[in-house]
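These notes concern the structure reproduced below.
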Amino acid sequence: MKNIKTNEQRLWNSLMEMGEIGGTEKGGCCRLALTDLDKQARDLFTEWCEAAGCTVRVDKIGNVFARRPGKNNDLPPVVMGSHIDTQPTGGKFDGVYGVLSGLEVIRTLNDNNIETDHPIEASIWTNEEGSRFAPAMVASGVFAGVFDLEYGLSRADLDGKTMGEELQRIGYAGEHEVGSPVKAFFEAHIEQGPILEEEETSIGVVTDAQGQRWYEVTLTGQEAHAGPTPMLRRKDALLGASKIVQEVNNIGLANQPNACSTVGLLQVFPNSRNVIPGEVFFTIDFRHPNDDVLSKMDQQLRDVCAKIADEMGLEMKFEQIWYSPPVPFNTSCVDSVRQAAEDAGYSHRDIVSGAGHDACYIARVAPTGMVFVPCENGISHNEEENAKPEDLHAGCNVLLQAVLNQACL
Ligand code: HGY
Ligand code: MN
Ligand code: MN
Ligand code: MN
C-alpha cells in the first residue's frame, strides 16, 4: 500500500471550495469560530464525509468526527484532523488543510477499496484559534480533560456570547460525550513559519510544539481633558500600556533563541481623541519550547508590569488566562511520519512547531504526530497565506501512510 497516492487536484479543489466560505477580497478567509460561516463550513464537511460513506457525530463541545468503518469497529479509531475556524485576517490553509487532508485520505482509501483494521476518523476541533473565544484549542483541551466541559462552554467572546450559546444557535451542540479512546491522532498543517520553504524541504516531521502562556491585563488610570491637564499630573493608562508593550518585546528579545512575545489585542477606553485614556485592556502571548525559560519570562513580565503600574500610579488587573506547556509528540507517531516521508522520497527534516495545535492537547490522551508542509514566505494568520498544491499533496500522502501504519494490524 506504500505506493498509493492521494488525489492532488481533489484536495486542492476542496480547499478552494471551503475557502470560499468566509473568503475575503484579498484571497484570505475570515470564518470565526461558531459564526454562521463556521456552520456553513461544518455543514459542507459533513455533506462531503457522508458522501464518502462516513457516519458523522458531534460531541457536546461541537467537535465533529466523520467515521469510516474498519474491519473491527470495537477497536479505537485512528483520527486525523485540525480546525476550520480562522483568524479575522486568516488564510485558506491554517487548520482547514488538516481537516480536508483527513477527508482526502478517506476518499483515497475508498478509491482503492482498502479496509483498515481500526476505524478511521476525520475530525474538526471547535475554536482552535482562540481568536473569538479564549483560550485557543479549548475544545481539544476539553476532549483531553485539560478543561471541564462547563469551562469550555462558558468561554465568552468580547460581546459576552458564550460558546455554549453559539453552539446551540448554529446547531452543533452535539449529544455525544466529549472524550473517547483514540488509537493515534495525526494533524497535517502548514508550518506557518519560514524554515521548510527556505530549506526547500517538503515535509516537516514535527517532534515537539512549544509552550504558551496567555495573559490579560487591564490598566486603570484616570480619564481627563487632553488640553488643560498638565503632563506630570496625568494617569495615562495607554502610556502605561505602551511601556508594557515595549517590555513584552524586550523579554522576548532577552530570551533568544526561540522566545516569542506578542501583544495582539488592545482596547483603549474611552478611545476619544481629546481624552487621556482612563483604561486599557490588552493581551500578551508568550511562547518558548523550554518550560523553564517560559517560567522565567513569566516572572520577568510580572515584575516589570508591577513596576510600571506602581511608578505611574495606575491600577492593574493582571491575569494569566492560559498555560499550555511544551509538548513532545509520540515517538512511534513521529517515526511513522518520518518513515512515510522517507518511503515516498520526500525531502524532510525534524521541526518544532512554533504554533499551538489541537494535536498539542490530543497528545495527552493518545499517541499523536504532526505533518508540516511549507507555506509561501512562511506567512500565516494573514490573508496572503498560501501553499503549493504539490506540497499539500506530499503532506497528505505522508498522512495517508502514517495513518495506515497505525490503522492496520
Ligand atoms: O496561536 C496558535 O498558535 C494557533 O494558531 N492557535
Ligand atoms: Mn492552525
Ligand atoms: Mn492559527
Ligand atoms: Mn491548530
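The table below lists the values:
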| item | result |
| --- | --- |
| Options V263, V268; residue that is at pLDDT 95 or above, in the same structural domain as D236 (by TED's automatic domain parsing), over 17 Å from W214 (Cβ atoms) and not small (G, A, S) | V268 |
| Of all residues in segment 148-203 being away from ligand 2 (no atom under 16 Å from the Cβ), charged (D, E, K, R) and not in a loop (DSSP other than H, G, I, E, B), the one that is farthest from V58 (Cα to Cα) | E198 |
| Segment 265-306: number of residues that are more than 30 Å from P228 (Cα to Cα), touching a residue at least 12 places away in the same chain (Cβ under 8 Å) and in a helix (DSSP H, G or I) | 10 |
| From the options G102, G98, residue that is in contact (Cβ under 8 Å) with a residue 24 or more places away in the chain, outside any strand (DSSP E or B) and away from ligand 1 (no atom under 14 Å from the Cβ) | G102 |
| Single residue of G354, G345 found to be within 16 Å of ligand 4 (Cβ to nearest atom), assigned by TED's automatic domain parsing to the domain that holds F143 and surrounded by fewer than 20 Cβ atoms within 10 Å (Cβ to Cβ) | G354 |
| Unique match (being more than 16 Å from ligand 1 (Cβ to nearest atom), among the hydroxyl-bearing types (S, T, Y) and touching a residue at least 60 places away in the same chain (Cβ under 8 Å)) among Y346, Y323 | Y346 |
| Contacts under 6 angstrom Cβ, first residue in segment 236-259 being without any contact (Cβ under 8 Å) to a residue 40 or more places away in the chain, partner assigned to a helix (DSSP H, G or I) and surrounded by 15 or more Cβ atoms within 10 Å (Cβ to Cβ), 6 or more apart | A259/G252 |
| Looking only at segment 110-145, and only at residues there that are surrounded by fewer than 24 Cβ atoms within 10 Å (Cβ to Cβ) and among the hydrophobic types (A, V, I, L, M, F, W, C), the one that is nearest to ligand 3 (Cβ to nearest atom) | A134 |
| Some residue of segment 236-259 being surrounded by fewer than 19 Cβ atoms within 10 Å (Cβ to Cβ) and in a strand (DSSP E or B) | no |
| Breaking point among (1) within 15 Å of C396 (Cβ to Cβ); (2) surrounded by 24 or more Cβ atoms within 10 Å (Cβ to Cβ); (3) away from ligand 3 (no atom under 16 Å from the Cβ); (4) of a type in the set (G, A, S), for S82 | (3) |
| Options A309, A341; residue that is under 25 Å from W214 (Cα atoms) and assigned to a helix (DSSP H, G or I) | A309 |
| So G211, is it crowded, with 19+ Cβ neighbours inside 10 Å, within 16 Å of ligand 3 (Cβ to nearest atom) and under 25 Å from A33 (Cα atoms) | no |
| Residue match in segment 63-73 (condition: surrounded by fewer than 19 Cβ atoms within 10 Å (Cβ to Cβ), more than 30 Å from P367 (Cβ to Cβ), in contact with a Lys or Arg (Cβ under 9 Å, 6 or more places away or on another chain) and assigned by TED's automatic domain parsing to the domain that holds N110) | no |
| Residue check, E311 surrounded by 17 or more Cβ atoms within 10 Å (Cβ to Cβ), within 30 Å of T229 (Cβ to Cβ) and among the charged types (D, E, K, R) | no |
| Single residue of G90, G98 found to be closer than 21 Å to P181 by Cα, surrounded by 24 or more Cβ atoms within 10 Å (Cβ to Cβ) and under 23 Å from the mean Cα position of the chain (by Cα) | G98 |
| Residues of segment 126-146 satisfying the condition of being within 16 Å of ligand 4 (Cβ to nearest atom), farther than 15 Å from Q87 by Cα and outside any helix (DSSP H, G or I) | A144, V146 |
| Filter result for the condition that a residue is under 22 Å from the mean Cα position of the chain (by Cα), away from ligand 2 (no atom under 16 Å from the Cβ) and closer than 18 Å to G211 by Cα, over P389, P325, P367 | P325 |
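The values are calculated or read from the model by the stated rules, or taken from the named source; none is laboratory data. From a predicted model like this one, the values you see are computed outputs, not experimental measurements. A quick note on method: Cβ atoms are made from the backbone with ideal geometry, for glycine too, and the neighbour counts reach across all protein chains shown.
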